[in-house]
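The values are calculated or read from the model by the stated rules, or taken from the named source; none is laboratory data. Only a predicted model underlies this, so the values are computations on that prediction, with no experimental measurement involved. Heads up, the Cβs are rebuilt from the backbone with ideal geometry, glycines too, and the neighbour counts pull from every protein chain shown.
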Amino acid sequence: MDEVVLRGMLKWPNVPSVYGWLRLDRRGQWLIKTVGGRFERIGNAGVNEFIGRNYASDADGRWYFQNGPQRVYVTLDYTPWVYRLDDIAGALVAHTGAAPRAFECVFLDEAGALLLHTELGIGVILDRDLAAVLERGADPREGDIESLIEKISQGGEARVVLQGNAVTIESIRAADVAGRFGFNPRPVPRPGEPEC
């Protein structure tokens, strides 16, 4: 976390948390609630980077942005991480700019979304990069991409290579992702917890 955030936490340790105002969409965009109650994308690159550097989770699997002394809990449209291919390096990178190194497993959900479990956590791969990720990593012995997806959709497994790491792809139901990986996509205050 940023030094200014750590100092703020020490100076004001009991600031109530905020819920329902910050959202992470499936494309890795931060959205903030407007006065009218709708969410709009945060377009300022500096603000997005600041949120990304100060993004973490608590013991209950609730993800938040530490804004100085105040936690702003994040509503997740799907997963706490969104991975994409870096346009320049061609390597996978998270929506926060963090670069995952350890690829543990890949999942394909019933809607065709590809999820990647890394040392950062579980995340959905940006939809526009799905085909490129599979094409780069697919084992030619598995057949074409459509055959690979069909095999996994029917309960089979396949292997892919991501940045030099051989990992298994298996199917998963979207409804099971949060429970399996221990995160809360819709955080709410604990009983008796003050909030803003």
- request: Kindly list, by first and then second residue, each pair from a residue in the range 15-29 that is polar (S, T, N, Q) to a residue that is assigned to a strand (DSSP E or B) and surrounded by fewer than 16 Cβ atoms within 10 Å (Cβ to Cβ), limited to pairs with Cβ atoms under 6 Å and residues at least 6 apart or on different chains.
  value: 17/195; 29/41
Which listed residue, of 77, 86, is modelled with pLDDT under 95, among the charged types (D, E, K, R), touching a strand residue (DSSP E or B) at 6+ places or on another chain (Cβ under 8 Å) and closer than 18 Å to residue 114 by Cβ: 86
statement: With the first residue restricted to the range 32-61 and required to be on the phi < 0 side of the Ramachandran plot, and the second required to be assigned to a helix (DSSP H, G or I) and among the polar types (S, T, N, Q), Cβ contacts under 9 Å at 6 or more apart or on different chains are 42/48
- prompt: If you go through the range 142-153 one residue at a time, do you hit one that is within 29 Å of residue 33 (Cβ to Cβ), of a type in the set (Gly, Ala, Ser) and not in a helix (DSSP H, G or I)?
  reply: no
task: Can you give me the number of residues within the range 162-196 that are over 18 Å from residue 22 (Cα atoms) and either part of a helix (DSSP H, G or I) or hydrophobic (A, V, I, L, M, F, W, C) (or both)?
output: 13
message: Looking only at the range 68-114, filter to residues that are in a loop (DSSP other than H, G, I, E, B) and among the charged types (D, E, K, R); which one of those is nearest to residue 169 (Cα to Cα)?
response: 110
message: Let me spell it out: the conditions are (1) modelled with pLDDT of 85 or more; (2) crowded, with 18+ Cβ neighbours inside 10 Å, and residue 158 meets all of them except one. Which number is the exception?
response: (1)
statement: Flagged in the range 98-127 as out of contact with any His (no Cβ under 7 Å at 6 or more places or on another chain), surrounded by fewer than 18 Cβ atoms within 10 Å (Cβ to Cβ) and farther than 21 Å from residue 154 by Cβ, in numbering order, are 98, 99, 101, 102, 119, 120, 127
query: Is it the case that the range 138-147 has a residue that's crowded, with 17+ Cβ neighbours inside 10 Å and of a type in the set (Ser, Thr, Tyr)?
result: no
- request: Please go through the range 43-62 and pick out each residue that is within 17 Å of residue 81 (Cα to Cα) and of a type in the set (Val, Ile, Thr).
  value: 51
